[in-house]
Every structure is written in C-alpha cells, then in structure tokens.
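Notes to accompany the following structure.
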Ligand code: GRF
C-alpha cells in the first residue's frame, strides 16, 4: 500500500477523484494527509469529509521558499508519506525539494505536455487553433510542468468550444487519468528511464489479471 500525501491550493476536484479511487476495494494507495498552502482551499473540506488528516502550511507565514518547503517536508515526514500528488497546488516547488522527492511526486496538468506549460492552457490552445487538447499526469522535475509522462488523455476541440467549457471537459478527463496513473505507480508498474516513464506490463498472476497467453500444460 502506497502512503500518499496530496497537496492542494483550491477546489480539489482531482483530490476528490483520488479520494474516491482510494476508497475502492483493492486500490493500491491510500491518502495519509492533505496539505494546503491556502487555508480557504475547498480541498481541505473534501479531505475532512473523507476523514483524512489535513494541514495548512501557508506560504505567507514563511520568509522564503526554502523555509516554506522545509515545513511541508516536516509535515510529510510526520504523516509518513512516501509519495506526493500535486492536485492544483499553485506554488512552484524548488529544485532541492523536488530532488529530495525524486520520482516520488506526481502532477496533473491541463494540456497535452510538452505543449502549453503554465496557466490558461485552454485559452492558449484555442488561440493556437489546435484540434486536440487534453491533460497529462507526469512525474515532477524541477522545471515547471516538466517530467516523465505517465498518462495523457485527449479530446477533439469543437469549433463551438470556449475556454470555459473546454476546461470543464478536460477536467472530467483529469478525474479519470489521475487515479489511473497513481494506481500504476503504486503497483510498481512505472519505471523511469531518463526523461521517459515506461509502463511495465502487468505480470500474471500478481495483479490478478488474466494472462493473455493460455497456460501451457
Ligand atoms: C486542474 O486543472 C489541474 O490540472 C491543475 O489545476 C487544476 C486543479 O483543479 N493543475 P482541482 O483543484 O483539482 O479541481
């Protein structure tokens, strides 16, 4: 069982998707804490409703990024978290923190990376006239919205779409692929090779899957 802390800053709909997935029988991860830099984040309410421990580490209470991140690190240790999911966490994490948690931080981003890093992704996708948009779950590297890609989901842009309804459609896809990506990681099926993530085939019978090959007798 992988013990995960989820970091949020806002509404936490991806957090909810992770909470719901973790509540399913046999899901290989559990959320040990939800940490927010924003005391007003609705994600904290979602966590409390699910009986998950919450902490607020408000960046405004710290002189610099280093001490803020040190406080987060302490909190993660307190909850014995072994893995971090960023779910709408709106602070940039410094290289030192990211390297300390190397290959142990996942993020979800509302674009088909490496296109459209940063904010306002659907506005920019529409401006660029792309035909497809989507979302990406990736391992976090020190560069913003960079790192080995675990899963992506894409949808076709409808000529009628505006940025708001495109964002809504993409968010629905996020709620599908984020739990799926966490599951792959927690099952030990993700191997990092350079700047890529390799997803290993499920072995039989370890993960309870039916072997694609008939058993030889
Ligand atoms: C999502 O679009 C996610 O991709 C981005 O921030 C947004 C968070 O939404 N990183 P929510 O708080 O999970 O509802």
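The values are calculated or read from the model by the stated rules, or taken from the named source; none is laboratory data. This structure is a prediction, so every number in the text was calculated from the model and none was measured. Backbone-built Cβ (ideal geometry, glycine too); neighbour counts: all protein chains shown.
Return the total of residues in the range 143-157 being assigned to a loop (DSSP other than H, G, I, E, B) and modelled with pLDDT of 95 or more.
Residues meeting the conditions: 3.
Counting just the residues of the range 79-98 that are part of a helix (DSSP H, G or I) and modelled with pLDDT under 95, which one comes out farthest from the chain's Cα centre (by Cα)?
The selected residue is 96.
Scan the range 124-137 and tell me whether some residue there is under 18 Å from the mean Cα position of the chain (by Cα), in a loop (DSSP other than H, G, I, E, B) and at positive phi.
no
Do we find that residue 150 is more than 14 Å from the chain's Cα centre (by Cα) and buried (at least 16 other Cβ atoms within 10 Å of the Cβ) in this structure?
Against the criterion (more than 14 Å from the chain's Cα centre (by Cα) and buried (at least 16 other Cβ atoms within 10 Å of the Cβ)), residue 150 does not qualify.
Can you name the condition, by its number, that residue 137 falls short on among (1) in contact (Cβ under 8 Å) with a residue 40 or more places away in the chain; (2) away from the ligand (no atom under 13 Å from the Cβ); (3) surrounded by 17 or more Cβ atoms within 10 Å (Cβ to Cβ)?
So residue 137 meets the others, but not (2).
Which of (1) within 12 Å of the ligand (Cβ to nearest atom); (2) farther than 19 Å from residue 147 by Cβ is the odd one out, the single condition residue 86 does not satisfy?
Every condition holds for residue 86 apart from (2).
Which one is farthest from residue 75 (Cα to Cα) among residues in the range 28-46 that are buried (at least 18 other Cβ atoms within 10 Å of the Cβ) and either touching a residue at least 60 places away in the same chain (Cβ under 8 Å) or away from the ligand (no atom under 11 Å from the Cβ) (or both)?
Per the criteria, the residue is 29.
For residue 118, state whether it is in a strand (DSSP E or B), within 11 Å of the ligand (Cβ to nearest atom) and in contact (Cβ under 8 Å) with a residue 12 or more places away in the chain.
no
Looking at 172, 127 in this structure, which one is exposed (fewer than 15 other Cβ atoms within 10 Å of the Cβ), within 11 Å of the ligand (Cβ to nearest atom) and over 22 Å from residue 35 (Cα atoms)?
The conditions single out 172.
Can you tell me which of 2, 15 is touching a residue at least 12 places away in the same chain (Cβ under 8 Å) and within 16 Å of the ligand (Cβ to nearest atom)?
Just one listed residue meets the conditions, 15.
Kindly list the number of the only condition in (1) in contact with a strand residue (DSSP E or B) (Cβ under 8 Å, 6 or more places away or on another chain); (2) free of Cβ contacts under 8 Å to residues at least 40 places away in the same chain that fails for residue 148.
(2)
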